Amino acid sequence: MELLLENALVLTCDAARSVRPGATVAIAGGRIAAIGEAETLRAAHPEAERVDLSGKAILPGLINSHTHTLLMVLRGTVEDMSGDAIYGYMSPISFAMTAQERAAMAELGCLEAIRSGTTTLVDPFRHVTDYADAMIGSGLRLYLSESAADALTLEIRHGRYVYDRAWGETFLARAEDLIARYHGAADGRVKVQVAAHAPDNCSPWMLGELSALAARHGLRRTVHLSQSPIERDQVRAAHDATSAEYLDRHGWLADDVVAAHWTFCTPDDIALLARRGVHFAHCAASSSRRGPHPARADLAIDAGVNIVLGTDNMSEDMFAAMAIGAIVQRGTRGRSVDPASQALLDGATRNGAAALGELADLGTVEVGKCADLAIIDLSHPALCPAINLVSNIVHYGTPEMVDSVLVGGRFVMRGRRVLTMDQGAVVRRAQAATEAAWARLLAAGDLAAPPSTVPGFGAGAGRG
Ligand SMILES: [Zn+2]
């Protein structure tokens, strides 16, 4: 199918960061065939459907470089609870959920992502084959991975690190299965990566196995890096190293690796990460819920690190990732206007494509690239007045200004209506799945229930 998206303001995010007012984008075979004048392109594509985008802007579809859609199940709970959420709640509830509940939450994440102008999700998590089909149904472009560990995940919240090869083997088997079934699926819209969950829960053996797996299949790698005091202290105790030093020792710092957070990285760590070409997934909105995220973005920027943006947990809103990313990254210099707004938008578009090794196909609006596009409504009050649209998007952008989204030249949302999913059903299933998963979790263990406005929620806490 051919499409002509006519008379739009195009923020290309190309190498020159060109802005093209009144431009028409021709799409054929899922890719951008031409950008130019409407009349010329109508002559060249007489059969194409014409879509008038006067009063709208086209930008590259946003790339969420680090998220866990399944953790939507914790939205509105652990944000306001103290203590370690990663091993305290995220791991336990993810293991407690049924396959159906996992799929319901992943669908909710995809729905929110589409409504927020996102076209690509990079989503490492566990039991991915339980919900990969649900995500694929959304129409999004996906980079999935089974986030592996060989420390017994559910023991860590009790202060015990028990490294167990059989446990690690189950992750490796699931990762192999994911690769076999989904790498290149949906006409190449789905790709698989290799993920080590974190330096504290992966032994040198596990890191080696995962690197070998990535090498065998030619896949890129991802890992959380220095994300919590628990991780920092365990890696120091077990390996007498920082998390970055430990990963480097075992071949996990390289330019095929995206590492998320860098929260407790030292200046020396950041210099090392920069030398190795590791990409930095900065998830400021999620990481700043307990105060501004302290990762030294200033040092990373000055060292030339490729910074990409992600939402991490309980949200798929990349506009919040950009706005809070600006505040937090600038805050590392005291008070500053560095990085510029365009750099934040790059972090949600072209930099993300570069981190995936896909800049030839994704991340900008240029001829030959995949037609992954977000169309925004310039009449939205938050975008007016528009002196510098890039500044407006970064500082004041909201999902509501996204009018339509295309992935590979196909509309997945058009005129604010998601075409690939039944929004009401997705929301209902997610609510039911969340209540069921929490009820099972709380009935089974010793975890405290979060405050809730749902009658009877958490009634089972402390039993069993
Ligand atoms: Zn994460």
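Each reported figure results from applying straightforward, stated rules to the coordinates on display, with no laboratory input. What you see is a predicted model; the values in this text were computed from it and never measured. Positions of Cβ are backbone-derived with ideal geometry, glycine not excepted, and every protein chain shown enters the neighbour counts.
Within segment 249-302, all pairs of alpha-carbon atoms sorted by distance into 5 Å bins from zero give the percentages 5, 20, 31, 24, 13, 6, 2. Other residues within the sphere of radius under 10 Å centred on the Cβ of ALA185, judged by their own Cβ, net out at +1 (K and R +1, D and E -1). The length gained by stretching the chain between ASP133 and ASP80 to full extension, at 0.36 nm per residue less their Cα-Cα distance, is 15.9 nm. Distance from a point 7 Å along Cα→Cβ of SER452 to each backbone N in segment 42-79: keep the residues under 17 Å and list them by number. What the label zone holds, given the 17 Å backbone N cut-off, is 72-79.
Note on ARG414 and ASN388: with the Förster distance fixed at 25 Å, the Cβ-Cβ geometry gives a FRET efficiency of about 0.35. For segment 62-355, the spherically averaged projection of the C-alpha convex hull amounts to 13.4 nm². Any idea what log10 I(q)/I(0) is at q = 0.23 Å⁻¹ for segment 134-260, Debye with uniform C-alpha scatterers and no solvent? For segment 134-260 at q = 0.23 Å⁻¹, log10 I(q)/I(0) is -1.34. Length gained on full extension, ALA185 to ALA340: 52.1 nm, using 0.36 nm per residue less the C-alpha separation. Look at where the Cα atoms of segment 125-160 and of segment 221-269 average out, and the two centres are 20 Å apart. In percent, rounded to a whole number, the relative contact order of the chain is 20, using alpha-carbon pairs under 8 Å and six or more apart. Computed over segment 55-190, the alpha-carbon pair-distance distribution with 5 angstrom bins reads 2, 10, 18, 20, 19, 15, 9, 5, 2, 1, 0, 0, each value a whole percent.
Between GLU169 and ASP255, what is the FRET efficiency for a Förster distance of 22 Å, r being their Cβ-Cβ separation, to the nearest 0.05? FRET efficiency, GLU169 to ASP255: 0.15. Legend: ranking of residues ASP312, ASP177, ASP248 from fewest to most surrounding C-beta atoms inside 10 Å; resulting order ASP177, ASP248, ASP312. Counting only the Cα atoms, segment 344-398 fills a convex hull of 85 Å³ per residue.
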